[in-house]
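Notes follow the structure.
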Amino acid sequence: DQDWEGAAADYDRAYKLDPENSAVIHRKASLLRSLGKYEEAILLFQKLIKIDPVNTRAFSSLGITYMNARHFEEAKREFHYLLELSPDYQFAHAALSSIYLFQGKPDSALLQIRMEPDSGWNAAYRSLIEYELGNKQLAEKEFQEFIATGGHDWAYQIAENYAWRGNADQAFYWLERAFDQHDGGLDEILGNPFFDGIR
């Protein structure tokens, strides 16, 4: 219900009751990330990994947190650790591709997205990479195909695409759709680098 203060109070209470509970740690850290409290979230995700060193979701969450905090090298390290644990982990290569985009390295981003096993994540970021590589016609074709097939499930990622291209009106239109659809991606909007151009 997006009652962040209520959620924070409940997670704080749960954490005090059971500070070694991996589910509680993950949820509390995720909420802190959503609120932009990245350093606190990073410490909790690191604690979670010490408790459960093969928790692939923890590595992914820590990587996202580093990315939103603009610690790109640390984010890449976590996603590489994740891929060592689980080479077919969905989203890991997409995350690495986006980090390379933020660092101005679209060629490296393209190499990563080609290895992404999930077709949705692949489609979400491939057109962005082609756009950055200067292949505007191909990028637009792939983007329109993504909108046609993913409009119901990928509204937040469509908004990311528009924001990255500097089209604020369409970015906000798709953010409204994401909001109406209760898209989980909105939890990341505060720090998501894709939105920096229209923030």
Item to complete: Measure up 16/37; 50/76; 16/50; 76/136; 76/141 against 25 Å on the Cα-Cα distance and list the ones that go over.
Response: 76/136; 76/141
Practice prompt. Express in nm, to one decimal, how much length is gained between residue 10 and residue 57 on full extension, taking 0.36 nm for each residue of separation and deducting their alpha carbon distance.
Written response: 14.7 nm
Item to complete: Find the centroid of the Cα atoms in region 78-130 and in region 138-199, then give the distance between the two in whole Å.
Response: 17
Worksheet entry | Reduced Cα scattering model of the chain, Debye log10 I(q)/I(0), q = 0.08, 0.12, 0.17 Å⁻¹ | -0.27, -0.61, -1.18
Worksheet item: What is the P(r) of region 28-95, as percent of Cα-Cα pairs per 10 Å bin from 0?
Response: 25, 56, 19, 0
Discussion item. Please compute the per residue accessible area over region 1-46 with all protein chains in place, 1.4 Å probe, rounded to a whole number of Å².
Written reply: 63
Worksheet entry | Spread of Cα-to-Cα distances over 5 Å intervals beginning at zero, given as percent, for region 4-58 | 4, 23, 31, 26, 12, 2, 0
Discussion item. At 1.4 Å probe radius, can you tell me the per residue accessible area of region 75-178 in Å²?
Written reply: 46
Fill in: Ellipsoid semi-axes in whole angstrom, largest first, where each is sqrt(5λ) of the Cα gyration tensor of region 86-199
20, 16, 14
Fill in: Segments 50-59, 24-33 sorted - mean Cβ within 10 Å per residue, highest first
24-33, 50-59
Worksheet item: Over region 1-97, what percent of the accessible surface lies on carbon and sulfur atoms, probe 1.4 Å?
Response: 50
Worksheet item: In region 113-159, carbon and sulfur make up what percent of the accessible area (probe 1.4 Å)?
Response: 48
Worksheet item: About its Cα centre, what dipole magnitude does the chain give when the only charges are +1 on Lys and Arg Cβ and -1 on Asp and Glu Cβ, stated in debye to the nearest 20?
Response: 460
Worksheet entry | Counted charge near residue 156, where neighbours are those whose Cβ lies closer than 10 Å (Asp, Glu -1; Lys, Arg +1) | -4
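The values are calculated or read from the model by the stated rules, or taken from the named source; none is laboratory data. From a predicted model like this one, the values you see are computed outputs, not experimental measurements. Glycine gets a Cβ as well: all are built from the backbone with ideal geometry, and neighbour counts include every protein chain shown. These area figures cover heavy atoms from the full protein model, side chains too; ligands, DNA and RNA do not enter into them. Shrake-Rupley method; radii C 1.70, N 1.55, O 1.52, S 1.80 Å.
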